[in-house]
Amino acid sequence: MTTDKKTTPNAFIKSRKHARSLPAPALAMLAGLALPAAAAYAAPAGPDAVIDQSIPTVQVTGTNSKALVSANEKFTAPLLDTPKSVTVVPAEIISQTGAVSLTDALRTVPGITIGAGEGGNPVGDNLFIRGYNAQTDTYVDGIRDAGSQSREIFNLEQVEVVKGPNSAYGGRSSAGGGVNLVSKTAQLDDFNNATVGIGSDKYKRLTGDVNRNIGSNSAFRLNVMAHEANVAGRDVVGGSRWGVAPTVTFGLSGPSRAIVSVYHLTTHEIPDTGIPFNNPFSSGANVARNGNGTPFAVDRNTFYGLANRDFRDTKSDVATVDLRHEFSKALVLRNVTRYGRSQNDYVWTQPDDSKGNTVLYGTVWRRANSRATETDTAANVTSLSGELTGYGIKHSYNAGIEFSRERTDRAAYVFTPGTNNPLTGTFTCPTAGAATLYNCTTLANPNPYDPWLYTRTLSPTQTHVETKTKSAYGFDTMEFTPQWLLNLGARFDDFQSVLHTPAAGTAAATNARVDSTFWSYQAGLVFKPATNGSIYLSYATSATPPGNDGGDGLDGLTVQVQNLQPQRSKNWELGTKWDVMPGGRLSLSGALFKSELNNARVTAPDGTTQNVGRKEVKGVELGFSGKITQAWTVFGGVTYLDPVVTDNGFVAAGTGWAPSPYNGNQFPTTPKKSATLWTSYAINRDFTVGAGLSSMDRVYANVNNTKYAPGYTRFDAMASYNVNRNLSLQLNVQNLGDKLYFDKVSSPHYAGVAPGRSASLTANVKW
């Protein structure tokens, strides 16, 4: 049991909390797995069986002339010839934009929105891609990164966003796509890099990146980070974090290679509460009190939380062993074993408007959302890949098997006294202040330092979820002629998830189980009118079984959904990609697509949850990345989406049921139009300036389309100067116009307030 008291405000308020032990990161032992011989393509004997001797690689066009290699070896062709929309955010753009988190880096990618946490949805990275929730579709070097987290960028080379159904690549996933984080690894050459940053809102950041050749064709690399900052324009909100990521590589240039890496991240923060929506009533005498459905017009810095109650502490530990052996240019064997543990522990105040307090009384109920979650993950992937030619057809293939296990323990905190209003015994707040034990506060002038005294204990009722997957996949890009290519891929998943909540008090134990098997496919025909361009037509599917989140997200396993089939989606896409300008230094892309989710989980006429709903998204995307001239860099794109809920099930009507009145409405959390641009220009060899914008149409918070965050356009700026060959200075100004906008919605109760204007100066040192 923990008791916290608060008497004076500080820049950072660090709450003591229920302590739980975390074992040191452990390297998982390599499991010996063998693929069936049939998984490899055997070239026929004879004079026509010519073996191609090139090593299969995936070339990624970044913003400089140096080609990068994707960590996702399931792409069996260069991205120029991959029949899928893929956006790569390279290290140069991450650095120039001053990004310090994954959500910062993704701000440069149109078509992605960030959702907010809620009672059943944890605080952390919550991505929506092309209108579909992709909360669980984050991968690190091609392997699913489970558990709710807020991810850092200090150990990343680049971020890859795959749009459209992703199940053929990653297994269970959303219809929108996935995000792959490419980690830094040890290199042959020695180098030392460091950054030291200071800025407004108590911003301080330090990173180090050291690489050493340790002989015998091996190298060691160490990345470290320490960060602390408040959130610009917001009271109380802020935090600190630190991370370390060592990696060692053996056999850098030989046929055999081993990479052993460990990653650790610890964070401490006070999470943001956001601003409640002006809650519209749908019927009754209070309809006349309705607002326009946007967040209330209060001061930007208004904070509804309690500084001595709210906290969020997270930890992430990951250990990876990556082994690779090249038997020949046509056959490469790879095995990756990973063990990870993530913890997400918080008490976070949600300014709950759903009870009508804000409209009726001008008050806000300080709803205490809490979570203490620990997720352990073990995964092993074995694959065969290579390039070969048989019967006049060139094949680039990758086939493999995956095994994974995720275990999540989840509980909430119990408060004494409780968090309801003692005057009403409920969450109704006709008044605010001490008489309500500060569980109710005023809409206009809440005091985050109210003396809210309490004890907090972890609930004895703890939910346990264990998810196991067994998968097999295969991809092949067949080149019939230099102008015509066919990309085929398929994956089989055996998915099992079991939930158990033990009995507590008068509540009985809860058990749920889902056993599901499903296939996912992709196919794409590519025509190359020139060596530097391609036109493609592709088809892909995804499957999302009940319990997709593994016990730590929005799509949880329950008794009500355990017997349902996976939600299935399909996507048609017609696109083109071109590498233009001398040396192909500028990449251009465009795509038309249509995505359908045909058996969404909705309420059926008998009141149960069934697979009878439908959603549809039609859209167009344009993207650009690279250099217009040697001095002028551009990165960004434009996305238009038409997201429609075509069938949202049924609602009660009298003594029966009627089709949902929300059929035909726009998806929540999905803007119709969005655009991003980052551009920089090197005025001379020492001085560079840059500017960026992020623009988004309105985003609805509910399927009713009665609550929404207004559209916005935000501007950023950068200037850098090379003092000498070892030192450069970079100034970043985020949200240059100090635009008040809302960058997170997913719950219909509140919207997250984006940071105001901030500035940071960073010294980049190398030696």
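Taking the condition more than 28 Å from the chain's Cα centre (by Cα) and surrounded by 15 or more Cβ atoms within 10 Å (Cβ to Cβ), does Asn180 pass?
no
For Pro422, work out the one condition from (1) closer than 30 Å to Thr501 by Cα; (2) buried (at least 17 other Cβ atoms within 10 Å of the Cβ) it doesn't fulfil.
Of everything listed in (1) closer than 30 Å to Thr501 by Cα; (2) buried (at least 17 other Cβ atoms within 10 Å of the Cβ), Pro422 misses just condition (2).
Looking only at the stretch 564-591, which residues are buried (at least 22 other Cβ atoms within 10 Å of the Cβ) and in a loop (DSSP other than H, G, I, E, B)?
If the condition is that a residue be buried (at least 22 other Cβ atoms within 10 Å of the Cβ) and in a loop (DSSP other than H, G, I, E, B), then Pro566 is the only one that fits.
Please find, within the stretch 436-463, the residue that is surrounded by the fewest Cβ atoms within 10 Å (Cβ to Cβ) out of those that are in contact (Cβ under 8 Å) with a residue 60 or more places away in the chain and under 29 Å from the mean Cα position of the chain (by Cα).
By that ranking, first place goes to Leu458.
Collect the residues in the stretch 636-646 that are buried (at least 21 other Cβ atoms within 10 Å of the Cβ) and modelled with pLDDT under 95, keeping them in residue-number order.
Correct list: Pro643, Val645.
Can you confirm whether Val745 is under 23 Å from Thr639 (Cα atoms), crowded, with 16+ Cβ neighbours inside 10 Å and among the aliphatic types (A, V, I, L, M)?
Taking the combined requirement at face value, the residue satisfies it.
Please indicate, with yes or no, whether at least one residue in the stretch 531-554 is out of contact with any Phe, Trp or Tyr (no Cβ under 6 Å at 6 or more places or on another chain), in contact (Cβ under 8 Å) with a residue 12 or more places away in the chain, exposed (fewer than 15 other Cβ atoms within 10 Å of the Cβ) and closer than 20 Å to Thr136 by Cα.
no
Does Ala512 satisfy being modelled with pLDDT under 95 and touching a helix residue (DSSP H, G or I) at 6+ places or on another chain (Cβ under 6 Å)?
Spelling it out, it is not the case that Ala512 is modelled with pLDDT under 95 and touching a helix residue (DSSP H, G or I) at 6+ places or on another chain (Cβ under 6 Å).
Starting from the stretch 615-642, keep only residues that are under 19 Å from Thr679 (Cα atoms), then list their pairs with residues that are among the aromatic types (Phe, Trp, Tyr) and at pLDDT 95 or above whose Cβ atoms are within a distance under 6 Å, requiring at least 6 positions of separation or different chains.
Close Cβ pairs satisfying both conditions: Ser625/Phe635; Ala631/Tyr681; Trp632/Tyr681; Val634/Phe624; Phe635/Trp678; Gly636/Trp678.
Filter the stretch 233-275 down to residues that are closer than 24 Å to Asn344 by Cα and not polar (S, T, N, Q), then give me how many there are.
Qualifying residue count for the region: 23.
Can you name the condition, by its number, that Tyr721 falls short on among (1) of a type in the set (Ser, Thr, Tyr); (2) under 24 Å from the mean Cα position of the chain (by Cα); (3) surrounded by fewer than 20 Cβ atoms within 10 Å (Cβ to Cβ)?
(2)
Residues that are under 24 Å from Thr207 (Cα atoms) and in contact (Cβ under 8 Å) with a residue 12 or more places away in the chain: find the strands (runs of 3 or more DSSP E) completely inside the stretch 671-767 holding 1 or more of those.
It comes to 673-682, 687-696, 712-724, 727-734, 758-766.
Look through the stretch 213-245, keep the residues that are more than 16 Å from Ser200 (Cβ to Cβ) and among the basic types (Lys, Arg), and return whichever of them is farthest from the chain's Cα centre (by Cα).
Arg221
Wholly within the stretch 430-534, which strands (runs of 3 or more DSSP E) include no fewer than the required count, namely at least 1 residues that are of a type in the set (A, V, I, L, M)?
Hits in the stretch 430-534: 454-458, 463-481, 484-501, 510-530.
Does Trp572 satisfy the condition of being of a type in the set (Phe, Trp, Tyr), more than 22 Å from Ser520 (Cα to Cα), modelled with pLDDT of 90 or more and out of contact with any Pro (no Cβ under 8 Å at 6 or more places or on another chain)?
No.
Taking strands (runs of 3 or more DSSP E) that do not extend beyond the stretch 288-400, which have at least 1 residues that are over 25 Å from the mean Cα position of the chain (by Cα) and surrounded by 20 or more Cβ atoms within 10 Å (Cβ to Cβ)?
Qualifying strands (runs of 3 or more DSSP E): 331-352, 363-390.
Among residues belonging to the stretch 620-664 that are among the hydrophobic types (A, V, I, L, M, F, W, C), under 27 Å from Thr97 (Cβ atoms) and in a strand (DSSP E or B), point out the one that is farthest from the chain's Cα centre (by Cα).
Trp632
Test each condition in (1) hydroxyl-bearing (Ser, Thr, Tyr); (2) touching a helix residue (DSSP H, G or I) at 6+ places or on another chain (Cβ under 7 Å); (3) assigned to a strand (DSSP E or B) for Ser173 and report the one that comes out false.
(3) is the only condition that Ser173 fails.
Taking Leu188 as the residue in question, decide whether it is part of a strand (DSSP E or B) and in contact (Cβ under 8 Å) with a residue 24 or more places away in the chain.
For Leu188, the condition - part of a strand (DSSP E or B) and in contact (Cβ under 8 Å) with a residue 24 or more places away in the chain - is not met.
In the set Gly386, Gly433, Gly425, which member is among the small types (Gly, Ala, Ser), touching a residue at least 40 places away in the same chain (Cβ under 8 Å) and out of contact with any Asp or Glu (no Cβ under 7 Å at 6 or more places or on another chain)?
Selected residue: Gly386, the only one of Gly386, Gly433, Gly425 that is among the small types (Gly, Ala, Ser), touching a residue at least 40 places away in the same chain (Cβ under 8 Å) and out of contact with any Asp or Glu (no Cβ under 7 Å at 6 or more places or on another chain).
Consider only pairs whose beta carbons are under 6 Å apart and that are at least six residues apart or on different chains; among these, list those whose first residue lies in the stretch 471-488 and is crowded, with 17+ Cβ neighbours inside 10 Å and whose second residue is among the aliphatic types (A, V, I, L, M) and not in a strand (DSSP E or B).
As it stands, the answer is Thr477/Ala77, since those pairs meet every condition given.
Residue-wise test of (1) surrounded by 22 or more Cβ atoms within 10 Å (Cβ to Cβ); (2) not aliphatic (A, V, I, L, M).
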{"position": "Pro659", "(1), (2)": "no, yes"}
{"position": "Asn663", "(1), (2)": "no, yes"}
{"position": "Thr669", "(1), (2)": "yes, yes"}
{"position": "Thr676", "(1), (2)": "yes, yes"}
{"position": "Ile683", "(1), (2)": "no, no"}
{"position": "Val689", "(1), (2)": "no, no"}
{"position": "Asn704", "(1), (2)": "no, yes"}
{"position": "Lys707", "(1), (2)": "yes, yes"}
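Which pairs turn up if I take residues in the stretch 586-612 that are at pLDDT below 85 and look for partners that are assigned to a loop (DSSP other than H, G, I, E, B) and of a type in the set (Gly, Ala, Ser) with beta carbon separation below 6 Å, at least 6 apart in sequence or on another chain?
Listed by first residue and then by second, the contacts come to Val602/Gly649; Thr603/Gly649; Gln610/Ala604; Val612/Ala604.
Which one is surrounded by the most Cβ atoms within 10 Å (Cβ to Cβ), of the residues in the stretch 133-170 that are among the acidic types (Asp, Glu) and either assigned to a loop (DSSP other than H, G, I, E, B) or without any contact (Cβ under 8 Å) to a residue 40 or more places away in the chain (or both)?
Asp137
Can you name the number of the only condition in (1) in contact with a Ser or Thr (Cβ under 8 Å, 6 or more places away or on another chain); (2) more than 27 Å from Ala759 (Cα to Cα) that Arg205 fails?
All conditions pass for Arg205, except number (2).
The values are calculated or read from the model by the stated rules, or taken from the named source; none is laboratory data. Keep in mind that what you see is a predicted model, and the values were worked out from it rather than measured. Virtual Cβ from ideal backbone geometry, glycine too; neighbours counted across all protein chains shown.
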